[in-house]
Amino acid sequence: MRRTKFIALMYLECLFLLWFGGFVIFQQYIRKRPIDNTTKTDAIVVLTGGKNRIVEAVKLYNNGLADMLFISGVEPHVSFKSLEVQNKVQIKRQRDHVFLGKEATNTIENAVEVGEIIRRNNLKSIRLVTSYYHMPRSLNELKALNPDVEVIEHPVYSKNVSKRWWKRPKSFYLIASEYHKFIYVYLKNFISGLI
């Protein structure tokens, strides 16, 4: 009986160390992503939900890094004008090349919505704008549905998420939650690829 408890305890400790090691690697990985601010793409795609995402995407569009801007996950009642007012931005280029996706309510639906835009417009490359901690999961979902499209990652950083996540419970919870979601998505898409 003691031997069984000892083995179970060792098993739990190994699982915890594996989880914690992966978490530390994930946290370091998401913070060290280089940002390419010069390469043009067919479209800029931004996923709503995090602070400064839309502001960054509009800035990139206004700077001419793509001829199309797609904002995925917009609330059904939101208009271009209210989006600009809410985010304190102004779309200075062609408004008829800016599209609001109002169907998606989560990351999986974002990937589906973006996939439809990619196919409808025959896009070969996109710049994906989302929060840095959300990027690995978003990229994985997007590439699973659209493996042939070239994606330039454009992570957005927020002062609200502390670099010292171990000292800030909200930051720790946010990154740990995203880590768990990423593991699930990665395994789901990996297994789907094998079938």
Can you tell me which residue in the stretch 122-144 is nearest to ILE54 (Cα to Cα), limited to those that are in contact (Cβ under 8 Å) with a residue 60 or more places away in the chain and either among the basic types (Lys, Arg) or loosely packed, with under 15 Cβ neighbours inside 10 Å (or both)? ARG127
The one condition in (1) in contact (Cβ under 8 Å) with a residue 40 or more places away in the chain; (2) in contact with a Gly (Cβ under 6 Å, 6 or more places away or on another chain) that PRO155 fails to fulfil: (2)
Expected output for the stretch 162-188 (first residue loosely packed, with under 14 Cβ neighbours inside 10 Å, partner part of a loop (DSSP other than H, G, I, E, B) and polar (S, T, N, Q), Cβ below 9 Å, 6+ apart or cross-chain) is LYS170/ASN160; LYS170/SER162
Of all residues in the stretch 59-72 being hydrophobic (A, V, I, L, M, F, W, C) and assigned to a loop (DSSP other than H, G, I, E, B), which is nearest to ALA111 (Cα to Cα)? MET68
Pick from the stretch 146-195 the residues that are assigned to a helix (DSSP H, G or I) and charged (D, E, K, R): which of them is farthest from the chain's Cα centre (by Cα)? LYS167
Just to be sure, is VAL129 in contact with a strand residue (DSSP E or B) (Cβ under 6 Å, 6 or more places away or on another chain) and part of a helix (DSSP H, G or I)? no
All but one of (1) crowded, with 21+ Cβ neighbours inside 10 Å; (2) touching a residue at least 40 places away in the same chain (Cβ under 8 Å); (3) over 18 Å from LYS51 (Cβ atoms) hold for ALA111, so report the exception by its number. (2)
Among the residues listed as GLU56, GLU13, GLU75, the single one being within 30 Å of SER171 (Cα to Cα), of a type outside the set (Lys, Arg), assigned to a helix (DSSP H, G or I) and without any contact (Cβ under 8 Å) to a residue 40 or more places away in the chain: GLU13
Pick from the stretch 88-122 the residues that are among the hydrophobic types (A, V, I, L, M, F, W, C) and over 19 Å from the mean Cα position of the chain (by Cα): which of them is modelled with the highest pLDDT? VAL98
Please indicate, with yes or no, whether at least one residue in the stretch 56-63 is modelled with pLDDT of 90 or more, among the acidic types (Asp, Glu), crowded, with 17+ Cβ neighbours inside 10 Å and within 16 Å of ILE126 (Cα to Cα). yes
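The values are calculated or read from the model by the stated rules, or taken from the named source; none is laboratory data. Values in this document were obtained by computation on a predicted structure and should not be read as measured data. A quick note on method: Cβ atoms are made from the backbone with ideal geometry, for glycine too, and the neighbour counts reach across all protein chains shown.
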